[in-house]
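The values are calculated or read from the model by the stated rules, or taken from the named source; none is laboratory data. On a predicted model such as this, the values are computed, not experimentally measured, just so you know. Neighbour counts are summed over all protein chains in view; Cβ atoms, including those assigned to glycine, are modelled from backbone coordinates with ideal geometry. SASA here: full protein model, heavy atoms, side chains in, ligands and nucleic acids out. Shrake-Rupley method; radii C 1.70, N 1.55, O 1.52, S 1.80 Å.
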Amino acid sequence: MRRSLLGRVWPGATAAVLFVVFAFPVYWMFATAFKANQDIVSDTPVWFPKAPTLDHFTKAVHADGFWTFVGNSFTVTLIAVGLSLVIALLASFAVARMRFKGRKSFILVMMMAQMAPWEVMVIAYYMIVRDAEMLNSLVPLTAIYTVMVLPFTVLTLRGYVAAVPKELEESAMVDGCTRTQAFVRVIFPLLAPGLMATSLFGFITVWNEFPMVLILNKDPGSQTLPLWLTGFRSTFGDDWGATMAASSLFAVPILVLFVILQRKAVGGLTSGAVKG
């Protein structure tokens, strides 16, 4: 009886502890952004904002170059994620449905590329972009980010394509569809969870990426929000309220996207991991 009760209680208790551990820093960041300065520097921790204020957010939004960095981040992220999805969708279909020479080697290369830390490639990328005279441009940055998220996208979508029965595609072709029409009308709608999962991963990866833009883009007009956040912190010194407000603004797009795609993204990650 006691073992049965313990077996029912400890998973929930463990999940609750882990939730508090991971959620508390996020809560503290947002709470500090709304606190008055005297509450932030108080010797006694103030767990909840006594008189919430938007002054810190106003200071962050009106900081030099904020909207330029926002535009650069969204431009680079959306284009990189979109390109990776298009390329990976075609590649994953070929790997999952067709048999060709070098197929297993291609999958192995994708896995190795996914496991390799991209930071070791910073110098090589810098030399290539420098020789092409494209430093301080969003174009090579977008291309590099596309390559960064491509292996995960291909491997995940491959599992999802493989999970779709071939009979559905063959039936559509018997009914008069071409292979392309069968893919667009039958297979593509069934890949929505996988597309959600990979787009969420790609968005988070590109949105948070720091080393590449730090090395390749020295011009403030071509930098993204992670660099803006570090410069914002050094500009305002120990203004923790404004720093936390800036960090909160930086985190909002990811949190919103995760809330919207959460259910399908988790299903897509699981299916892509175990099928194919």
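Counting each DSSP H run of 4 or more residues in the chain as -39500 (n - 2.57), what helix-only mean residue ellipticity at 222 nm follows after dividing by all residues, to the nearest 500 deg cm²/dmol?
Values: 13 runs with 208 residues, N = 276.
That calculation yields -25000 deg cm²/dmol at 222 nm.
Short version: ³J(HN,Hα) in whole Hz for each residue of the stretch 195-212, in order, from phi by Karplus 6.51 cos²θ - 1.76 cosθ + 1.60 (θ = phi - 60°), x for Gly and Pro, what are they?
My calculation for the stretch 195-212 gives 5, 4, 4, 5, 5, 5, 4, x, 4, 5, 4, 6, 4, 8, 5, 10, x, 4 Hz in order.
Output the relative contact order of the stretch 32-120, whole-number percent, from Cα pairs under 8 angstrom with separation of 6+ residues.
Numbers: 28 pairs, mean separation 14.4, N = 89.
So the answer I get is 16 percent.
Looking only at L157, L18, L168, which one moves most when the chain is put into a Gaussian network model with springs between Cα atoms under 10 Å?
L18
If you take the square roots of the eigenvalues of the alpha-carbon gyration tensor of the stretch 1-122 and sort them as a ≥ b ≥ c, do you get rounded (a/c under 1.5), prolate (a/b over b/c) or oblate?
Working: a/c = 3.37, a/b = 1.36, b/c = 2.48.
The shape class here is oblate.
From the backbone phi of the stretch 167-181, what are the Karplus-calculated ³J(HN,Hα) couplings (6.51 cos²θ - 1.76 cosθ + 1.60, θ = phi - 60°) in whole Hz, Gly and Pro given as x?
Couplings: 4, 5, 5, 5, 5, 5, 6, 5, 6, x, 7, 6, 4, 5, 5 Hz.
Calculate the spin-label point distance for L54 paired with I123, positioning each point 7 Å from the Cα along the beta-carbon direction, and give it in nanometres.
That separation, rounded to one decimal, is 4.9 nm.
What is the dipole size for the stretch 6-69, taken about its Cα centre, with +1 at each Lys and Arg Cβ and -1 at each Asp and Glu Cβ, in debye to the nearest 20? Please list the in-between numbers first.
Values: 4 positive and 4 negative charges, 55 e Å.
With only Lys, Arg, Asp and Glu charged at Cβ, the dipole is about 260 debye.
Say the dipole of the chain comes from +1 at the beta carbon of Lys and Arg and -1 at that of Asp and Glu; which of A94, I123, F210 then lies farthest toward its positive end?
In the chain, that residue is A94.
Can you find, among I79, H62, P49, the residue farthest towards the positive end of the dipole of the stretch 48-110? Put +1 on the C-beta of Lys and Arg, -1 on that of Asp and Glu.
After comparing all options, I get I79.
Please give the direction-averaged projected area of the C-alpha convex hull for the chain, in square nanometres with one decimal. Could the numbers behind the result be given before it?
Values: hull surface 86.8 nm².
Computed as one quarter of the Cα hull surface, the answer is 21.7 nm².
At a Förster radius of 51 Å, what calculated FRET efficiency corresponds to the Cβ-Cβ distance of K218 and W10, to the nearest 0.05? Before the final figure, lay out the partial values.
Working: r = 52 Å, r/R0 = 1.02.
The formula returns an efficiency of 0.45 here.
Please get the size of the charge dipole for the stretch 1-143, origin at its Cα centre, with Cβ charges of +1 on Lys and Arg and -1 on Asp and Glu, quoted in debye to the nearest 20.
Details: 12 positive and 7 negative charges, 245 e Å.
Roughly 1180 debye, rounded to the nearest 20.
Along each of its three principal axes, how wide is the spread of alpha-carbon positions in the stretch 140-200, in whole angstrom units, largest first?
Cα extents, longest axis first: 44, 21, 14 Å.
Residue by residue through the stretch 58-68, what is 3J(HN,Hα) from phi via Karplus (6.51 cos²θ - 1.76 cosθ + 1.60, θ = phi - 60°)? Round to whole Hz and write x for glycine and proline.
Karplus-based 3J(HN,Hα) across the stretch 58-68 equals 4, 5, 5, 5, 8, 5, 4, x, 4, 5, 5 Hz.
What residue among P165, L138, T230 has its Cα farthest toward the positive end of the dipole of the stretch 81-230, where the charges are +1 on Lys, Arg and -1 on Asp, Glu, each on the Cβ?
P165
First measure r as the distance between the Cβ atoms of S105 and R179, then evaluate 1/(1 + (r/R0)^6) with R0 = 35 Å and state the FRET efficiency to the nearest 0.05. Kindly include the intermediate steps, with their values, before the conclusion.
Values: r = 25 Å, r/R0 = 0.71.
Computed FRET efficiency for S105 and R179: 0.90.
Can you tell me the dipole magnitude for the chain around its Cα centre, using point charges on the Cβ only (Lys, Arg +1; Asp, Glu -1), in Debye to the nearest 20? Please list the in-between numbers first.
Numbers: 21 positive and 15 negative charges, 285 e Å.
So the magnitude is around 1360 debye.
Could you give the length gained by full extension between F22 and A132, i.e. 0.36 nm per residue of separation minus their alpha carbon distance, to one decimal place?
35.3 nm
Given a 1.4 angstrom probe, what's the average accessible area per residue across the chain, in square angstrom? Let's see the in-between values first.
On the way: 15870 Å² over 276 residues.
For the chain, the per-residue accessible area is 58 Å².
Mind checking the alpha-carbon convex hull of the stretch 83-200 and giving the volume per residue in Å³? Intermediate values should be presented prior to the final figure.
Working: hull volume 15.5 nm³, N = 118.
Cα-based convex hull of the stretch 83-200, divided per residue, equals 131 Å³.
Could you check the simple spin-label distance between V256 and F74, using points 7 Å along Cα→Cβ, in nm with one decimal?
About 0.8 nm, to one decimal.
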